[in-house]
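What follows is a single structure, written as structure tokens, with notes after it.
The values are calculated or read from the model by the stated rules, or taken from the named source; none is laboratory data. Please read these numbers as outputs of a predicted model, since none were measured by experiment. Positions of Cβ are generated from backbone atoms using ideal geometry, with glycine treated the same way; all protein chains shown enter the neighbour counts. Please note that ligands, DNA and RNA were not included when accessible areas were found on the heavy atoms of the full protein model with its side chains. Shrake-Rupley method; radii C 1.70, N 1.55, O 1.52, S 1.80 Å.
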Amino acid sequence: MNNIHRQVRMRAFAHGAGLGFLVLFVVTVLGAQVQPPPAPWRGAGPPPCVGSDGGIYKCAPPAQTIALRAGRLFDSKSGTMLTKQVIVLSGERITEVGPEGQVKIPAGAQVIDLSQATVLPGLIDGHTHMFDARKPNVTTEQAMVLAISNVQANLRAGFTAARDMSTHGNGYGDVAIRDAINQGRIDGPRYQVSTLGIVWGAKPPNPAAPDNPLASTVVRSVEDARVAVREQIAHGADWIKLFPTGGYSFTPTGQVKYELTYPMPVLQALIDETHRLGKKTGCHVYGGEGQKNSILAGCDTIEHAFDLDQEQANMIVAKGLAYEPTFQRYIEPYMDDNDAKNTGGKYRLIPIFEHAVSMAAATKGMRIMVGSGADGSTFAHGTQALEFEMLVKHGGMSPAHAIQSGTMVNAGVLGWQNQIGSVDKGKYADIIAVSGDPLKDITELQRVKFVMKGGKVIKNDLTGAD
């Protein structure tokens with residue numbers, strides 16, 4: 001897509017001069033296609049790289065050969081810990097991995113000594129929000145700066161890839177940031193994004209209070225649903241975020257009731273249209289009929305699912321779907337606070353949710369994802385590794401199983417299983433390290449000391465290079 005088309009596309013969705021200018025800036029300047037350096041270069045320093053907009057910036061350094069000495073290396077395919085391994089990479093890809101007695105370090109390679117550490121593939125957050133929940137007093141410019149700060153915090157915490165699950169009223173800003181990361185203009189995880197999300201409008205549109213074009217798209221019919229999917233994918237969405245259930249409440253006798261949103265034909269149209277265009281859907285569900293409908297309709301990832309039962313878990317496995325609980329997010333104290341306020345302290349949702357997650361973890365063939373749901377409300381960006389601890393201590397998963405979920409399982413759901421998720425020859429050199437052994441203490445993942453993405457060292461608090 002050329003620069004003119006990018007600008008037309010972004011103007012089409014921008015609402016208000018602030019967002020239009022800022023998103024156009026990020027896409028056309030930060031996300032510009034690289035052009036050959038000017039010749040002859042008459043400015044200061046070496047010849048720079050030039051975007052299609054004419055902006056200049058420092059070119060990436062030439063590819064290096066780097067060797068990592070790993071004291072321990074977690075094999076995410078088998079779930080076992082290897083010892084005394086050597087990882088060789090050239091540029092952004094791994095070229096060799098194996099025992100130190102079998103892998104020769106090339107002459108002239110930069111050597112990074114991680115022999116006292118545990119090395120793992122980069123972590124993947126399967127459900128995050130680079131934009132915090134939009135507050136009325138936050139300007140578009142402030143929201144964009146905060147989002148960029150968030151993605152950098154996530155990367156430094158060891159999350160080298162992520163799936164962003166809606167922008168919380170910030171339009172298509174996630175597309176702009178994703179593209180800027182992909183083109184090397186800013187550091188951040190590899191991202192797949194879901195842009196605005198799509199919600200159900202039970203009432204007819206009100207001309208006096210039009211739908212906010214920067215928030216989730218409101219649909220009121222099957223045709224609205226198909227149009228909304230096409231529009232979001234045309235603007236760069238990798239996923240379509242759906243909301244088949246609303247809130248929950250307890251009856252006087254303690255049964256949990258969940259609000260149904262889309263009628264089933266609308267939900268099916270949303271999912272079918274997404275699949276027809278080669279993309280995937282993620283369904284925000286708490287329980288009830290909307291949860292069951294999401295599984296029956298083939299939503300690719302079932303998100304949250306507080307009251308998931310064995311029958312539904314078996315259906316998820318049979319259909320090849322995945323379950324993403326965002327466990328930490330929904331067992332935090334505010335959940336009990338809300339339930340105490342609404343039920344007088346009689347009923348709690350957290351035990352129901354804990355049972356659902358532990359049941360899912362014990363279900364053969366279930367693909368459980370690791371996702372934080374971080375959006376600045378109750379979960380700070382950069383602390384997402386708390387999710388691993390909760391899955392182990394409250395969800396019944398072993399540390400190895402949890403780490404596999406946050407690496408290989410997530411990579412497979414994203415369709416990136418041949419690119420990331422394990423430390424293997426040919427994959428991106430997305431690698432992290434911690435001081436201790438996370439198979440013995442899963443909280444080690446909350447103290448990541450070394451981060452490399454695509455062969456570039458982002459952080460090294462362990463050691464220097466030889």
Given the -39500 (n - 2.57) contribution per DSSP H run of 4+ residues, what per-residue ellipticity at 222 nm results for the chain, rounded to the nearest 500 deg cm²/dmol?
-8500 deg cm²/dmol
Could I get the Rg over Rh figure for the chain? Both from C-alpha atoms, Rh via Kirkwood, rounded to two places.
0.98
Residue among Thr195, Leu391, Gln328 farthest towards the positive dipole end of the chain, charges placed on Cβ
Thr195
Filter on Lys77/Lys280; Lys58/Lys449; Lys135/Lys440; Lys58/Lys135 - keep pairs with C-alpha separation over 32 Å
Lys135/Lys440; Lys58/Lys135
Average accessible area per residue (Å²) across region 231-270 - probe 1.4 Å, nucleic acids and ligands excluded:
39 Å²
Highest mean first, how do 152-162, 197-207 rank when packing is the count of other Cβ atoms within 10 Å averaged over residues?
152-162, 197-207
I'd like the distance separating the alpha-carbon centroids of region 258-328 and region 92-150, in whole Å.
30 Å
Calculate how many DSSP beta bridges within region 176-296 are antiparallel, expressed in % of all such bridges and rounded to the nearest 5.
35 percent
For Lys203, which aspartates and glutamates qualify as cross-link partners when the Cα separation must be under 19 Å and same-chain residues fewer than eight apart are set aside?
Asp211, Glu223, Asp224, Glu259
Among rounded, prolate and oblate, which fits region 185-302 when a ≥ b ≥ c are the square roots of the eigenvalues of its C-alpha gyration tensor, a/c under 1.5 means rounded, and a/b larger than b/c means prolate?
prolate
Sorted from largest down, what three extents in whole angstroms do the Cα atoms of region 360-400 have along their principal axes?
34, 16, 14
Assigned charges on the beta-carbon of Lys, Arg, Asp, Glu; the chain dipole about Cα centre (debye):
860 debye
Along Cα→Cβ, 7 Å out, is where each label goes; now give me the distance between the ones at Thr378 and Glu223 in nm to one decimal.
4.1 nm
In debye to the nearest 20, the charge dipole size for region 44-180, taken about the Cα centre with +1 at each Lys and Arg Cβ and -1 at each Asp and Glu Cβ, equals 300 debye
How big is the equivalent ellipsoid of region 303-424 along its three axes, where each semi-axis is √(5λ) from the Cα gyration tensor, reported in whole Å from largest to smallest?
26, 18, 11
For Asn314 paired with Glu92, estimate the spin-label separation in nm (one decimal), with each label point 7 Å from Cα along the Cα-to-Cβ line.
4.5 nm
In terms of the charge dipole of region 409-448, which places +1 on Lys and Arg and -1 on Asp and Glu at the beta carbon, the residue among Ile432, Thr443, Asn418 farthest towards the positive end is Asn418
In whole percent, how big is the carbon plus sulfur part of the accessible area of the chain, probe 1.4 Å, protein atoms only?
54 percent
Exactly which trypsin sites (Lys or Arg not before Pro) in region 367-430 are in a DSSP loop and have at most 13 other Cβ atoms within 10 Å?
Lys425
Region 191-251-region 338-398 distance, computed between alpha-carbon centres (Å):
26 Å
Distance (nanometres) between label positions extended 7 Å along Cα→Cβ at Ser435 and Gln417:
3.7 nm
Sites Asn342 and Asn182, calculated FRET efficiency, Cβ-Cβ separation with R0 41 Å, nearest 0.05:
0.40
Tally the DSSP beta bridges in region 118-262 and give the antiparallel ones as a percent, rounded to 5.
25 percent
Shape of region 336-406, Cα gyration tensor, a/c cut at 1.5:
oblate
With +1 on the Cβ of every Lys and Arg and -1 on the Cβ of every Asp and Glu, and nothing else charged, how large is the dipole of region 206-341 about its Cα centre, in debye rounded to the nearest 20?
360 debye
Given Gly91, Leu260, Ile240, which one lies farthest toward the positive end of the charge dipole of the chain, if we put +1 on the Cβ of every Lys and Arg and -1 on the Cβ of every Asp and Glu?
Gly91
Kyte-Doolittle mean at least 1.0, axial Cα span of 27 Å or more - DSSP H helices of the chain
none
